[in-house]
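So the structure is just underneath, and the comments pick up after that.
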Amino acid sequence: MSARAMARVESARALRHPAFLVAVLLYAALWAYEAWSEGWSGQYPVLQDEDRYTQVTLLLPAVGALIGTNLAATRMHRHGAQPLCEVLALPLWRRTLAHLAAAVPPALVAAVLTGARILYAATAPTAVGSPSPVELVTGPVVVLLAGCAGVALARFTPSATAGPFAVLFLGALVLSSALGARGMKWVGPVGVESEFAAPLPAGLMHRPALTHLAYLAAVTGVLVLLALLRSGARPLPARAALVLLVATAVVTGAVQYRPLPDDLAARRADAERHPGDRQRCRVAGQVTFCAFPEFLNRAEDWRRVTDGILGRVPAAERTGPYAVRQRLFLAGGGEGVSATPPLQAWAQDDTRHRTPGAVTVGTGWGTDDIGGGEMLSFAVRFADRVVSGPGREGAPTGSMLCRARAVTVLWLAAQATPETADALRSLDRRSFGGVTLTTLESSQALSVSDPEVRVVLDLLDRPTAEVGDRLKSSWPALTDDRTSTERAARLLGVSAPANAEQASEGTLCAAR
Amino acid sequence: MESEERSAAQQVGLDRVGVRYGRRTALREVSLSLGRGVTGLLGPNGAGKTTLLRTLATASTPDTGTLSVLGLDPLTPTGRQALRRRLGYLPQNPGLPSHFTAYDFIDYVGILKEISDRQARRTEARRVLAEVGLTADRGRRIRKLSGGMRQRVGLAAAIVGDPELLILDEPTVGLDPEQRLRFRELIAGLGEGRTVLLSTHQTEDVAALCHKVVVLDHGTVRFQGTPAELALLARGRVWSSGERAPGALAAWRTGVGTFRNIGVPPTGASLVEPTIEDGYLLLLDGDGDGDRNGDGDGDRTPADAA
């Protein structure tokens, strides 16, 4: 009963501890900044990825919990009150138990933060996918582990500097995981994935989330028992449990590194080569959008882009139907199947599912600097498909767009939405000598030279309707890649850079 | 029947207790018997007072000998645990968590003393803070309290749960005269009906408070008896003179201009009534090794004094 009373008091103090409060405020500030800088419409959350993103930021409250519980457990020693308190009736091991119990409320706060964060992401109109409960529980468990580590540390050394050193150690583990240090990914509290990896359908993911959770739980148990044993708890049962938990931690720690299972590799190969077999399609106007089921809501975002492009094309030239198909290419992710995109298999897959020449779109979406090529790349690829006209489905594609055609395709793509226009400006700022738009992690790239980009950027500063009218009135000339950039610019009401024609000389333009 | 009465009267009993810190002997075969009331523990620095108090308070374990405290054996885990529920201990210069308020700290100590009922604990915290005169300051953080107030917080912590045995290690150190008087009042009140063991350098405190006094030196008991009996040790050994007596063990000019001398008085010396301080000084300094009996154990009894 007294231990419970002490746990109540220590819990309240743990929640009010400056270290924990500062950590939670930092967490909230980071979240607010993220939400403010991206804006609601700038976020395209994939919930099976968002779930694990909640873990990294929870390391802040975890650090706060570690420092807080460590200082609480060393409080009497640090203040010289140990001689007074050591002879009080409540046994040390029960005091330790109370301190350990006080690590639970910060973990519950972490659970609330996790819930709020995933709810925020899930209620975004652009959200797709579904979160994993195991991944969501991991963050709060890390906070619990950190709190218990603070208490255990206090039972081995009452120094106030031990906590900050433990935090440094924790940071080193997370950094090792993030940097991909060999064998370190799952040793630390959070298994950090490459931020450049495209999202995957939940069924094709390979994260040992449950095993990692068991590993964290076992490590937490080890810390709890070490703290209790150090405090004079009954040694025999506790020692037996400690041995069991250490063994569990070792086994689960090792199992986390299990390689990609054969059946999952086979499913990935199939999804990569024959995505149509696993997808559902939605028809909107002239365009059929096909996606893995959990990504199908993304079709609304794709449609904003395709509508923005088709709206600027003369009615007679909208020779649909058009198709958009979501595809995976895992070679860049290190666990892929093919070294190059299986273009032939994709063409066959499209034919089989009656979507010949479907424009590829990846599983990522957005305009940010990291994943941001996605929206503009798709827009360029779709605009290129529209400009190409009928009968070009399945034709081999080059990697360079040239002259008037490049101007037309890039302008159509960029003006499609405000985000695509911003994305082009942003990409131009970060590029030199033109821009390259990648789809599926560089597996298919389209480049545009600098003079054409300059013309398009000038056009974006002019009224869209005016440029659109000029485009419609000169459509045949502006979609012909024999038309020079200078003439295209003149037809559209702007002037081209002086070296416009030289830039295209010697380049291999996309075959049309 | 007589044995039972003696056992009831004896609250603390030590039999040939010895404590060593490495090669240094802190307590050497100490045997003591204490009953209810306030017992003063006198001795110079390093005499072993704190070691003795820590041993009785279960903070350290003796290397040799046996103990009986409140009828319990603190050397066994169950005895130690049971004893901790019944004793209060104020160590020398106790540190206190400075960011706690006085009330919060006493409430916390209440938890550590296993008062699990929240209401009972609150009532007890208010009671002990009132007893040490800190009711008005109970909401102030400890770091904002004066030294005397902090000492009183420590005493309040010691008396939480109304312990039967109270062990106070130099509780009046660093207090101004007024605070010391308040402490005496407090301790005198606490000594009614319970056993209080008070370690101090202040012989005035012993004279004012204690019904029994124990003098410890070099880890051995040099005297145990009443304060009057300690003073009696110096009867016929303290005299007043106009000049410092050359053969005196200690001599000092008093406020009235005469010298107070302790030692072997010359013939015709003007003897004065001794105090316990005289007895204490004579006991410790009188014969170098302090063993005035020459019996080797150095333990003076009232009979020796008489």
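Odds and ends about this structure:
- Scan of segment A:23-50 for residues that are in contact (Cβ under 8 Å) with a residue 12 or more places away in the chain and open to solvent by 80 Å² or more (accessible area, probe 1.4 Å), ordered by number: A:L26, A:L30, A:E38, A:W40
- Residue count, segment A:260-294 (criterion: touching a residue at least 40 places away in the same chain (Cβ under 8 Å), hydrophobic (A, V, I, L, M, F, W, C) and out of contact with any Phe, Trp or Tyr (no Cβ under 9 Å at 6 or more places or on another chain)): 6
- Of all the numbered requirements in (1) in a helix (DSSP H, G or I); (2) modelled with pLDDT under 90; (3) away from chain B (no Cβ under 14 Å), A:P164 misses one, and that requirement is (2).
- Scanning segment B:152-197 for residues being more than 15 Å from the chain's Cα centre (by Cα) and aliphatic (A, V, I, L, M) gives a total of 7.
- Of the residues making up segment B:105-154, those that are without any contact (Cβ under 8 Å) to a residue 12 or more places away in the chain, within 12 Å of chain A (Cβ to nearest Cβ) and open to solvent by 50 Å² or more (accessible area, probe 1.4 Å) are B:D117, B:R118, B:Q119.
To keep it simple, each residue is scored yes or no on (1) in contact with a Phe, Trp or Tyr (Cβ under 6 Å, 6 or more places away or on another chain); (2) under 30 Å from B:G148 (Cβ atoms); (3) not polar (S, T, N, Q).
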| residue | (1), (2), (3) |
| --- | --- |
| B:L166 | no, yes, yes |
| B:P177 | no, yes, yes |
| B:F183 | no, yes, yes |
| B:A188 | no, yes, yes |
| B:S199 | no, yes, no |
| B:Q202 | no, yes, no |
| B:G236 | no, no, yes |
| B:W239 | no, no, yes |
| B:G247 | no, no, yes |
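- From the options A:A101, A:A81, A:A73, residue that is open to solvent by less than 20 Å² (accessible area, probe 1.4 Å) and more than 10 Å from chain B (Cβ to nearest Cβ): A:A73
- Check on A:V224, of a type outside the set (G, A, S), out of contact with any strand residue (DSSP E or B) (no Cβ under 7 Å at 6 or more places or on another chain), over 30 Å from A:R325 (Cβ atoms) and crowded, with 16+ Cβ neighbours inside 10 Å: yes
- Filtered residue count, segment A:307-352, keeping only those that are part of a loop (DSSP other than H, G, I, E, B), more than 23 Å from the chain's Cα centre (by Cα) and at pLDDT 90 or above: 4
- Residues located in segment A:460-492, provided they are touching a residue at least 12 places away in the same chain (Cβ under 8 Å) and either of a type in the set (A, V, I, L, M, F, W, C) or not assigned by TED's automatic domain parsing to the domain that holds A:V386 (or both): A:L460, A:V467, A:L471, A:W475, A:A477, A:L478, A:A488, A:A489, A:L491, A:L492
- Unique match (being within 30 Å of A:P341 (Cβ to Cβ) and among the β-branched types (V, I, T)) among A:V283, A:V224, A:V251: A:V283
- Hits in segment A:55-70 (condition: surrounded by fewer than 23 Cβ atoms within 10 Å (Cβ to Cβ) and of a type in the set (V, I, T)): A:V56, A:T57
- Only residues that are of a type in the set (A, V, I, L, M), open to solvent by less than 80 Å² (accessible area, probe 1.4 Å) and over 24 Å from A:G311 (Cβ atoms) were counted across segment A:452-501, and they come to 2.
- Applying the condition of being more than 14 Å from every other protein chain (Cβ to nearest Cβ) and not in a helix (DSSP H, G or I) to segment A:1-50 and asking which residue is farthest from A:V167 (Cα to Cα) yields A:S41.
- Hey, A:P131 over 29 Å from A:M1 (Cα atoms), more than 14 Å from every other protein chain (Cβ to nearest Cβ), open to solvent by 30 Å² or more (accessible area, probe 1.4 Å) and touching an Asp or Glu at 6+ places or on another chain (Cβ under 7 Å) or not: yes
- Segment B:77-99, subset open to solvent by less than 10 Å² (accessible area, probe 1.4 Å) and over 23 Å from B:V173 (Cα atoms), residue nearest to the other protein chains (Cβ to nearest Cβ): B:L83
- Boolean, A:V87 is among the hydrophobic types (A, V, I, L, M, F, W, C), free of Cβ contacts under 8 Å to residues at least 24 places away in the same chain and within 13 Å of chain B (Cβ to nearest Cβ): yes
- If you filter segment A:427-451 down to residues that are part of a strand (DSSP E or B) and either under 16 Å from A:A404 (Cβ atoms) or modelled with pLDDT of 80 or more (or both), you find that the one that is most open to solvent (accessible area, probe 1.4 Å) is A:T436.
The values are calculated or read from the model by the stated rules, or taken from the named source; none is laboratory data. None of the values given here were measured: they were computed from a predicted structure. For neighbour counting, all protein chains shown are included, and Cβ atoms are generated from backbone atoms with ideal geometry for every residue, glycine included. In case anyone asks, the SASA skips ligands and DNA or RNA and just uses the protein heavy atoms, side chains included. Shrake-Rupley method; radii C 1.70, N 1.55, O 1.52, S 1.80 Å.
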